[in-house]
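First comes the structure, then the notes that go with it.
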Amino acid sequence: MAANGEIQWCFSQVKGTLDDEITEADIISCVEFNHDGDLLATGDKGGRVVIFQRDPGSKTSVPKRGEYNVYSTFQSHEPEFDYLKSLEIEEKINKIRWLRRKNPAHFLLSTNDKTIKLWKVSERDKRAEGYNLKDEAGEMKDKGVLTGLRVPVLKPMELMVEASPRRIYANAHTYHINSISVNSDAETYLSADDLRINLWHLDITDQSFNIVDIKPANMEELTEVITASEFHPTDCNHFVYSSSKGLIRLCDMRMAALCDRHAKLFEEPEDPANRSFFSEIISSISDVKFSRSGRYMLSRDYLSVKVWDLHMETKPIETYPVHEYLRSKLCSLYENDCIFDKFECCWGNNDQAVLTGSYNNFFRMFDRTSKRDVTLEASREIARPKTTLKAKKICSGGKRKKDEVSVDSLDFNKKILHTAWHPTENIIAVAATNNLFIFQDKF
């Protein structure tokens, strides 16, 4: 902790090659801690899922360290082709969600644009030996040489981590899946695409219930699409979904089977002074997350993050500008398509801080108590153990000071879209293109 009570962040690890050559398939597309923070999963554009496990020694050391090692890597999705629509289906992993642990194995859901899969990740450190009908190589024995009956025994073996698909949920989405969220009842989950949200039972793969459908009878009348959706962390009947119009709708599944009518609508009226050609684009919500307590919501649009109280629909209780200095650059960001980037956001481990990404490999943190904010950078220059991250300042005009970064020198190809915060400790994972940076509070 710094003298003013703020967290001082330092570098812990970086995963992935630091070469300048970047393979498209290696670009990280989602990051997710499991419920106790011991496992950290990433998905990439190549359809792979890489799971990192926290080093047991780093948990018990004083002070604690946030060090993770590769635990399992597997190919979750392959590229496919829809012959009816003549469309290629990318293998890119859009979302990963962990299920709460019930036995020694771990379970997670992963999805690309069309197909959701349930994976079981389990360990095996023993194997059976001494079969009656098979030899050590697994070949069938000649039954004529059998003289007695043996009881097979379990012998220790080198630890193997196996990932196996237990369920495949396919053919339920016409449009691209943007969200999956596991319910607090641990039996159901939702999946959302641009126009519909479906409710699944984890054990049933050939049937899902459509709980939201905003598709108009005439597609020419389409005015908004669903951008993100999530279940409430404790109330199994509540879920929210955000839209490209900057609206968040809270739905209650007890009211009706089809939740086309929302229970609450969260919307902030637009400031007429900021009205421009780009207003509709930048007001689109790219991510929405319930706080761990379930009392608040966090939403991210292009230029800001907002905290909403579930008891107040009229306006957010807090608004934090992420990169307001880009407001004057919206025209060029529109021309290079960056204005359509979908930044995610996440809550701190105690709901008192929020984290989101920006350009130039910058990421932003906001302390809700002190109202302080900081801009930090995930770069190879700081990739040395225990290196303290220095706050970055951006100069948007006038004379630039020595330690400031000019807004004109920002690299818009380096962007941090995906971040995750450990559920109980100050450890964060930040995806910077093909690298996963892990930072922790200074020890």
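List of remarks:
- Qualifying residues in region 420-443 (those that are in a loop (DSSP other than H, G, I, E, B) and open to solvent by 10 Å² or more (accessible area, probe 1.4 Å)) - the one modelled with the lowest pLDDT: F443
- Some residue of region 259-272 being open to solvent by less than 10 Å² (accessible area, probe 1.4 Å) and within 30 Å of D411 (Cα to Cα): no
- Going through (1) at pLDDT 95 or above; (2) touching a Phe, Trp or Tyr at 6+ places or on another chain (Cβ under 9 Å); (3) closer than 26 Å to V50 by Cβ one by one, I168 falls short only on (2).
- First in region 352-367 and under 18 Å from N435 (Cα atoms), second anywhere and part of a strand (DSSP E or B) and acidic (D, E), Cβ under 6 Å, 6 or more apart: N361/E377; F362/E377
- Selection status of L190, open to solvent by 50 Å² or more (accessible area, probe 1.4 Å), under 30 Å from F52 (Cβ atoms) and in a strand (DSSP E or B): no
- For region 325-339, taking the residues that are in contact (Cβ under 8 Å) with a residue 60 or more places away in the chain and not hydrophobic (A, V, I, L, M, F, W, C), the one that is most open to solvent (accessible area, probe 1.4 Å) is identified as S328.
- Check on A137, more than 27 Å from D341 (Cα to Cα), without any contact (Cβ under 8 Å) to a residue 12 or more places away in the chain and either open to solvent by 30 Å² or more (accessible area, probe 1.4 Å) or in contact with an Asp or Glu (Cβ under 7 Å, 6 or more places away or on another chain) (or both): yes
- Matching residues in region 68-113 - criterion: being touching a residue at least 60 places away in the same chain (Cβ under 8 Å) and open to solvent by 40 Å² or more (accessible area, probe 1.4 Å): K92, R100, R101, K102
- If you check D301, D287, D309, D252 for being touching a helix residue (DSSP H, G or I) at 6+ places or on another chain (Cβ under 8 Å), at pLDDT 95 or above and surrounded by 14 or more Cβ atoms within 10 Å (Cβ to Cβ), only one passes: D301.
The values are calculated or read from the model by the stated rules, or taken from the named source; none is laboratory data. In this text the structure is predicted, and so the values were computed from the model without any measurement. For neighbour counting, all protein chains shown are included, and Cβ atoms are generated from backbone atoms with ideal geometry for every residue, glycine included. When the accessible area is computed, the model is the full protein with side chains, heavy atoms only, and any ligands, DNA or RNA have been set aside. Shrake-Rupley method; radii C 1.70, N 1.55, O 1.52, S 1.80 Å.
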